[in-house]
Each structure stands twice: as C-alpha cells, then as structure tokens.
Amino acid sequence: MCIIFHEILEYDKCVGMLHQPGKYFNITGAKPKKVPLTFENAQKLFLISIYLFIQCYFNIAVNFDFTKNYLDLIVTYASVIYMLSRIDDKKAIVGMYNCAYEFSNGNSDPSFPRLGQMLIEYGHPWKKLSEEFGPHTKSVTEALLSLLMVYPPFMLKNPPMWNASLRFYRIHRIISYNVNSLSSHLFISRYSKCIPDIKECKEYVIINCGALRREKRNFLRNALKELTKVLEDEPALLGPKALFVFMALSFSRDEVLWLAENIPKTKTPEDYADSQMAELLYYMEKLRTLLAQHRYVIQRYHLQYLSQYDALALNDTIQGMYVCPEEESVLMSSFVSTLSAMSLKHLDAGEEFDLKPFRLDWLRLQAYTSIGKAPLSLKDYPELATVMNMAQFHTRMMDNVNELLCETADLSILCFHARVFEKLFSQSSEDVSMQRYLTAFPVICSHFSQRLHILCPEETEDIENQSLKLCVTFLEEISRQTCTVVLEICAEQYNLHEKLLPKHSAETISTARNKKLKKSLPKKADVPKEKPGTESLRKDKVIVTNLDKMHQALTELCTSYSICADFTVFKHIIVPAEFLLAQLEIRLNKVIVQMANYNQRTHEIARPSDLLAGIQAYVTSLHSLSCYVNIDVTRLVKSVLLQQMQPLDSYGAQTITTLYTNWFLEGLLRQASSALIVHCPTTQCFVNQNTENEQSFHAEEYSDICGLRSLAELIGPFGLKFLNENLMWHIISQVGELKKLVSDNMDALVQMRANYDNPEAMSDLQKKLTGSENVLKRMTIVGVILSFRSMIQDALEEIMDRHCPFLMRPIKCLKDFIYPDGDIKVTLGVYEMASAAGLPCEIDPALVSAIANMQTDNSSIEEEFKITCLLLVFIAVSLPTLCLDPNSFYSREHGGHQNNIHCLATAVNHLAAAMFTVQRKNIQTQLQEFLKVASSILLQLGQNVERVEIKNRDSVYLLLHMIVEQSPFLSQDMLEMCFPYVLLRNAYREVHKTFIHTMG
C-alpha cells in the first residue's frame, strides 16, 4: 500500500495540485486549499486534475513539459490502479489500515466505506478505467498525435511497428502488461471487428520484432562506437553535439530494456540472444564517462549559447508579441534577465549554477497559456515555445546533466531482471571479440542505487545485496578468465624455460662428443629432439602459434579493465583490478604447490632448484602483465611468496614450506637415521649408500649446496623457522628417551663417573650397563638432524647476505661482541636474532628453548644437571661398542663414517651446550670431564690387540678429534692432556691407507 501511495505522490510536482490546487493555474479562481492526504482524496485529486486538463491544449512540440506531465499523470494513475488489482489480500490490508488509523486517531477513517467500495469497483481495472477516461479521449488523442513531431513517422503510421515498440508495457519494475492482450480485451465489447486485425498484428510482431530489434542493436553498436571515437578525439564537440549523445543513450537504453523484458518462446530464439550486448553497454558507459569528464566544456558552450543567442532570440520574440498580460510579461522578462546575466566569469570562478527556478517558471507559464480561455495562448506563438524549450534544455546542460543521464541512460531496472542480466553476461563472455567490453556489466550495477526510495526503506538492503552480488559475480568471472589465460601463458613460458635447465644439456653434449669422435649416428627412425628456441623461427608471419592466441586473448580481457579504475556500488568502492589480483593470488598459490609435485605415498617431490627456476619463470611472465593492465605485480608476487613461507596460506591450504618440511623429515632424515643415506661433510650434503634396493631419489640432488640455497630462497627465514621447530621436536623426543636410559642405568653411571680412571672397575661396570647401542643410535639421530640444520643455516646466511647485506652486517657485529660468559638472557636474545638470519652460534638458542620447555615441575635443576652429566658419561663409555659395527669405517671420500657416527660430534657439542646453559652450569668444565672419560675408555682399546673392537679402533679415535675441532669450548691442548696426539696421527694415517686413489 505504501508503494501505491508513493506512486501517487511521485508526480505531485508535475500535477501541481495534490497539496496546492491552483498554484500553477487557476481556472475557477478559488483560493488554494490544503487537502488532507488519504487514499480516497488522492484518487479524487488525480481525477480532478485529469478533468481540469480536459480544458487544456496539448502539443509535445509546444508545451513540452505540460504535455509530458499530463501523459505521465495518466500513466501513473492507470499503473497504480492496475497494481492495486494485483494485490491478493486487499481486504486484509485495508482492514489493517483502518485498525491502524483507529489506534492513531481514536476513531475509524470516515472514508473507509468508500475505500472498500472502490476496491470492489476496480476489481477489473481496465474495464473501469476505460469508462473513466471516456471524456478524455480528445485531450489524450491530441497529446498522442503531437508525438508525430518527435517519434519517427513510420512508427506511428505503421501499426505493426507500433505494436512492436509497445508489445509489453512496464507498469511497475518487473510488473508488465501485454498491450496486445489488453487491446483484444477492450475491443471485444465495442470494436469486435478489430480483433482479427489485432491478432494479425500480434503474429506479425512475434515473427518480426526480434529480428527488427536485433538489427537496431547492431546499428546502435556501430553508431555509438563511431560517436565515442569522434568525441574522444575531439571533446570540444560535446558542447554542440550533447543532444545527439543523449539521444544515442536513450535509444540504446530502450533496446537493452526491451531485450531484458521481452524474451518469449519463439521459433527464432537467436533473435533474442545477443552475445554482443557487452559492446553496447560498454559504449554507453563510455559516453557517460565522457560527459562527466568534460563537464566544463559542456557548460562553457551552453552558457555562451544561453547568454549570447537564447537571451537575444527570446527578447526579439517577446518584442514581436502583440498580446502579453502583466503576469506573463513579468515571467518572460525574468527569463531574459536570467539568461542575459550569465557570464563566463561565474563559470571560471567555480560557481555552481541553479536554474531550476527558470524551468519551474517556464512550466508555470505553459500552464497559464495552455488552458482554453487563457488571455495569452501559447499555441499562437510557436516561435516562443521553440525558443523556450530550447533554452530549457540548455539550462539543464548547465546544472542538471546527471538527471538527464538518469532519464536517458538509466539501466537500474535490470536489478529486477537478474537472471536475464546474468544470461546476457554469459553470452557475451563466450564471445572472444566481446571480452574487452565485459567490465561494462559490473559497472551497470552502480546504477541500481537509483531504484531506492525513501518510502520503501525495507528494499534498501535487498537491492544493495543483489547489486553487490551481481557485481562481484561478474568481476570474479572476468578475473577468472583473465587469470586462466595469464597462468596458461606462464605455464608455456615455464615449459620453454625448463628446456634450458642444465640437466637437459647432457644429451646435447653427448651428441656433440659422439660427432667429434665420429661414432655411429642414431638410426633414421629416431627423430632428433628440437633444440630450445626453434619455436621462435617462423617461415611465414601468417602462422599463429598457441602462445600468440593466448596473448591476443589476454589483450582483449585486460582492455576491459580500462573502462574505469574504480566505481561505487552502494557506497562500496569497487576496484576491478583488485579482483584480478585476488584471483591470481589464489591460483598462483595452488600452481606453486602443484609445481612441487609432492607425493606423500612415494615421498617424491620436485628438487628445490627446479621449483625455484619454475617460480622465477612464472614471475618473469607475470611482470609482463603490467604492460596490459595497471596492477602491482610486485605486491602480488610478494604476497604469494610470503604465504608460501608459512605452514598454511591465507585460505588454510598447505604450502611448499609444509611440503618440504614433511619431505625432509619423512623422506631424507628418516633414511639418514637408518644409515641408508650418509651425511658427507666433504661435499656438505647427504649421499645415498650403495645398497641392493635402489633409492627413489638421489639425496645429493636435494641436500647439496645448490639445493639448500634454493630451499632457503623459496621458504625464507619464516619457512626455515617452521622447519627448525619440527627438527627440534624430533630432537626433544630423542632427548626424552635418552634421559629414560640414563635413569635406568643411574647407579652404574654414578660409579663409572667416579672410577673412570680404574680399568678393572670400569670393565666390571660396563657389563652392568644396558642400552649402550641405543644411546649411540639416538645420539647419532640427533647429530644427523643437527648437521642438517647446520647446513640449511649456512644456506640461509648466504641468501640473507645476498638479499640484505646492510641488515646482516650489524647483526654479525653485534654477535661478535657477545660472549656466553656474560648475561645469559642477553646472550640468548642476540643469538636468537643471529640464528634467524642463518649465522652459526656457540649455543643454539632454538635447542635451548626446546630443552627448557621440556623441563618438568617435579625435577629440580640439580637433578637435571646430574642426568645431563651422566648422559655424557653414558655416551663416553659406550664409544668402544662402535668398533663392533663394520660401517663405523671412516671414509676419506665423504669425510665421515659410513654409519653417520661422525655426527655424534655435532650432537655432543650442541646438546651439552644447550642443556648446561639451561641449568646455568659451566659448559667447558663438563665437556672436559666428558673428554677425560672418553679418552680413558678409548685408550683401553689398545691394551688388548686380540679383541674384536680393534678392527675400527682408528676410525673411532677420530671422533675425539672431531668433537674437539667442532667445539668452541674445547681446544687441542685439552685433548692432548687426555689423549696422546700420536694416536690421532697414526689413526689418520691408517684410515687414509685404505683409500683408493683414482684418476679421471
């Protein structure tokens, strides 16, 4: 009901009588009277207004505003009555209205019975309306026939074409009425002979109107394109040709809305499917943009036109009038003075023009001079009407261009035809030639806010949600298509780049070598492999490659983003390029993860160096995107790569940081703990053991210097921090098991610690120990993990030095001034910063933190210190058992032992330093004690040359030297005090004797 009242009130300024009858014209001479606004009074005022209009003269070419408002009034009244008939629960709504009125005023509405009677009478609206408008036939006919001066004559003279243009008439938003059905219904009782003609026209329309409108849209597309190009080249033409711009927008708007509202079931559905609608909408928006950009040009032209031509022409016309009453004379004199007073100075000073009073006075003058008995009849002075109508349009170009655009190019009604709008977008997006115009669809959504009205506030949220939903849907689809093409180009460039990797050069080198040695060439059946770069050789420029087609498609899609950098939809600023960036960010994250080729079942993954080369190829291709559309590719790449440095990306998916962390822990380090893979200090990598079962990967390809540098480049400090946290978790789990073994052998270890220099007592106590091999095995695992961590820290340091040397220098300088003997909190803080940058530290802060977190509340620091000391004793007294393992042999080629026991040196130094730091004890003192116990036990191996342990005794001796060499707290002098250096020299000589020297 509110909507109906809204429709009644919407034209009050046009009628000029709803609140002040006689304001615009006074036929009866009665004084203006305030009219209470009820539904019955509103209906009466409508009918009275229309009745008063019966005595007036109407001609669209003379009194344009007056005639237009009269026709709008009739249309509005008929629409309201028809809408009222469409309400199913009219009686319930009227009853609720009466109850509300009674609650508010204390008594029922006096006009309530009449309102109920009216609802009954208008149960069949068209029949009742045809009776009411019988006396108005002359006035309506006169007004309609005057349209011959405006509409193309053939539209009015050719009935089929007239029906084609008025097949469906919109009553309100999505409520339409079929004109043909209405005509047949009305003519049955009075003009039954006309029914066959109407049916014939209807059939003609159904068959031909689709094709007619399709051709009209094709014509308008070309016309708007040419008009846009001309005005872009010569914006000054917007002044004299502004009317043609509005005409073009109006014609185009009508065709778009006709197609949206008229999609019947016919034998020619292709006439109602327009895959080129995007182009028409695009040029409509272009023209709107041009009008907004060059507002000053339009105002300057029309200001001079008004002051230097319209004012003079109007003055000459007024001077030639032989009858001019006083009131009309005052109005016309004010017209001339208003136009003459306008100057370019006001425009250049930035003053805002408000010429609404001028147009309102002209409307009032039309009302005065259009009634039957007016002393001054406007139809007798067509020159005056022509000049004033032209001046009225010129004034609107000064201060009312936006309203003119709403009248001529408003497509906001499409928000109520969402499915049709989406279908038109889908059809256009499938046409490659239309992709450059697709952004026009989301821009149209910015018009939808014009559908709001203060009397219908409940619609605001729904229309806003619908507008944003359509806008986002369109932009996401455009971005998805653009992103797909971009990534296809990147993938093609990656394939070309992959052919240039060093690993593919072996075949070329082999072929060249065989050719030089004149060996047999391959058989003719073997097709020679194409060399990289052959794809760039073209014998004919007409040949178009797949990459050319993709670049062409990318050009088309990116051109669509040029229509506007941003636009507003219900106070939401929409930036189309940001949708593309968001889509690229999502897809690029997925592509990078896919390029890693991680297989959890088979533990296969791409080499870090290969993945890095692939990402660099993608990034290089992505930077070319900025040549097509104005987006910040650098920000995109940084955002994606920073997400890949975290365990999960912004959407909760796994990243390459998680994949490589899982692979190194489960694939490489797990096999290294079983001695299937050996840590090689000489080449600073892990290598595969020669076993019967062939490994699924070559460890050196992933853990060499190049591979770890690439890993550090890919996942950065944040990713390596996550990797280190997982490494620390595995180390702590081993430390926990080691403490349990120490607790199980507590009594024997305490006695060994006190009697380490007594061979007989040590021999008896060693027999009581259990789990010696288990202790060494777990310490070896810890050492392997810490050796791997040291390698990735070195790689990170080099990467940080390369990317941010100015940051690394102060960190190194600060680290050099810190000593472990100082304040331990300050020391650990500096070490933590240095470790995050990849610098090696005397005390590992990550290991210290992990060990401190595993301390239980039940154990005291002294108990923990005792267990740590006994753990070192346990390790020292267990060293002789290593001689029993044949894989304990030292390999000069690898610079370590075949079973990774050389990693014990790293484990002892790092673990002891971290544990004693947590317990606030002197590290050097406790390591010296370990050195004494280990030296004493190992020296006993040389006393019995017949024992089995003597086999790999020399290789085990080297462990002491490695521990001292790697420790920042021990020195060679301390070692020589416990263990003769001559034994180490002889041990090195013995292990090097067995090394086989090869040439080539």
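The values are calculated or read from the model by the stated rules, or taken from the named source; none is laboratory data. Please read these numbers as outputs of a predicted model, since none were measured by experiment. Glycine also receives a Cβ, built like all others from the backbone with ideal geometry; neighbour counts cover every protein chain displayed. We work out accessible area using only protein heavy atoms, side chains counted, and drop any ligands, DNA or RNA first. Shrake-Rupley method; radii C 1.70, N 1.55, O 1.52, S 1.80 Å.
Would you tally the residues in the range 978-992 being touching a Leu at 6+ places or on another chain (Cβ under 9 Å), of a type outside the set (S, T, Y) and either modelled with pLDDT of 85 or more or surrounded by fewer than 14 Cβ atoms within 10 Å (Cβ to Cβ) (or both)? Residues flagged as touching a Leu at 6+ places or on another chain (Cβ under 9 Å), of a type outside the set (S, T, Y) and either modelled with pLDDT of 85 or more or surrounded by fewer than 14 Cβ atoms within 10 Å (Cβ to Cβ) (or both) within the range 978-992 amount to 6.
Tell me which residues, restricted to the range 372-387, are surrounded by fewer than 17 Cβ atoms within 10 Å (Cβ to Cβ), within 17 Å of A61 (Cα to Cα) and not small (G, A, S). Correct list: K379, D380, P382, E383, T386. Scanning the range 812-849 for residues that are open to solvent by less than 20 Å² (accessible area, probe 1.4 Å) and assigned to a helix (DSSP H, G or I) returns T827, V830, Y831, A834, S835, P845, L847, V848. Of the helices (runs of 4 or more DSSP H) contained entirely in the range 692-764, those carrying at least 2 residues that are aromatic (F, W, Y) and closer than 25 Å to R778 by Cβ fall at 705-744.
Only residues that are modelled with pLDDT of 90 or more, more than 15 Å from I715 (Cα to Cα) and surrounded by fewer than 16 Cβ atoms within 10 Å (Cβ to Cβ) were counted in the range 603-623, giving 2. Looking across K740, K721, one residue alone is charged (D, E, K, R), modelled with pLDDT of 90 or more and more than 24 Å from R802 (Cβ to Cβ). It is K740.
Take the residues of the range 949-977 that are within 22 Å of C883 (Cβ to Cβ) and in a loop (DSSP other than H, G, I, E, B): which is least open to solvent (accessible area, probe 1.4 Å)? Looking at residues that are within 22 Å of C883 (Cβ to Cβ) and in a loop (DSSP other than H, G, I, E, B), I get N952. Name the residue that is surrounded by the most Cβ atoms within 10 Å (Cβ to Cβ), counting only residues in the range 105-134 that are among the hydroxyl-bearing types (S, T, Y) and touching a residue at least 12 places away in the same chain (Cβ under 8 Å). The qualifying residue surrounded by the most Cβ atoms within 10 Å (Cβ to Cβ) is Y122. Take the conditions (1) within 28 Å of A617 (Cβ to Cβ); (2) open to solvent by 90 Å² or more (accessible area, probe 1.4 Å); (3) modelled with pLDDT under 90; K516 misses just one of them, which is (1). Among residues of the range 625-636 that are closer than 15 Å to V575 by Cα and of a type in the set (D, E), those with a Cβ under 9 angstrom from a residue that is open to solvent by less than 60 Å² (accessible area, probe 1.4 Å) and at pLDDT 90 or above, sequence gap 6+ or separate chain, pair up as D632/A577; D632/L581. Quick check on this structure: which one of V432, V420, V401 is among the aliphatic types (A, V, I, L, M), open to solvent by 10 Å² or more (accessible area, probe 1.4 Å), touching a residue at least 24 places away in the same chain (Cβ under 8 Å) and touching an Asp or Glu at 6+ places or on another chain (Cβ under 7 Å)? Answer to the selection: V432.
F686 falls short of the stated requirement of being open to solvent by 10 Å² or more (accessible area, probe 1.4 Å), in contact with an Asp or Glu (Cβ under 8 Å, 6 or more places away or on another chain) and outside any helix (DSSP H, G or I).
Here is a yes/no grid of residues against (1) over 30 Å from V297 (Cβ atoms); (2) surrounded by 16 or more Cβ atoms within 10 Å (Cβ to Cβ); (3) of a type in the set (K, R):
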{"site": "M321", "(1), (2), (3)": "yes, no, no"}
{"site": "E326", "(1), (2), (3)": "yes, no, no"}
{"site": "S343", "(1), (2), (3)": "no, no, no"}
{"site": "G350", "(1), (2), (3)": "no, no, no"}
{"site": "D361", "(1), (2), (3)": "no, yes, no"}
{"site": "N389", "(1), (2), (3)": "no, yes, no"}
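Can you find a residue in the range 97-112 that is within 30 Å of K379 (Cα to Cα), among the aliphatic types (A, V, I, L, M) and either in contact with a Phe, Trp or Tyr (Cβ under 6 Å, 6 or more places away or on another chain) or modelled with pLDDT of 80 or more (or both)? No, the conditions are met nowhere in the range 97-112. Residues that are over 30 Å from the mean Cα position of the chain (by Cα): find the helices (runs of 4 or more DSSP H) completely inside the range 354-440 holding 2 or more of those. Filter on the range 354-440 gives 356-370, 382-399, 401-409.
Taking residues in the range 871-887 that are under 14 Å from H902 (Cα atoms) and in a helix (DSSP H, G or I), and partners anywhere that are open to solvent by 10 Å² or more (accessible area, probe 1.4 Å) and among the small types (G, A, S), the pairs with Cβ atoms closer than 7 Å and at least 6 places apart or on different chains are N887/A675. For the range 556-583, filtering for residues that are of a type in the set (A, V, I, L, M), in a helix (DSSP H, G or I) and in contact with an Asp or Glu (Cβ under 7 Å, 6 or more places away or on another chain) leaves 1.
Scan the range 673-680 and tell me whether some residue there is at pLDDT below 90, part of a helix (DSSP H, G or I) and open to solvent by less than 70 Å² (accessible area, probe 1.4 Å). The answer is yes, given that some residue of the range 673-680 is at pLDDT below 90, part of a helix (DSSP H, G or I) and open to solvent by less than 70 Å² (accessible area, probe 1.4 Å).
I901 meets all of the listed conditions (1) under 10 Å from V956 (Cβ atoms); (2) open to solvent by less than 30 Å² (accessible area, probe 1.4 Å); (3) at pLDDT below 90 but one, namely (3). Selection of the range 596-622 for residues being without any contact (Cβ under 8 Å) to a residue 40 or more places away in the chain, over 21 Å from L554 (Cα atoms) and in contact with a helix residue (DSSP H, G or I) (Cβ under 7 Å, 6 or more places away or on another chain) yields only A606.
Scanning the range 593-602 for residues that are open to solvent by 10 Å² or more (accessible area, probe 1.4 Å) and at pLDDT 90 or above yields V593, Q594, M595, N597, Y598. The numbered conditions (1) within 24 Å of T917 (Cα to Cα); (2) open to solvent by less than 70 Å² (accessible area, probe 1.4 Å) are all true for A795 except (1).
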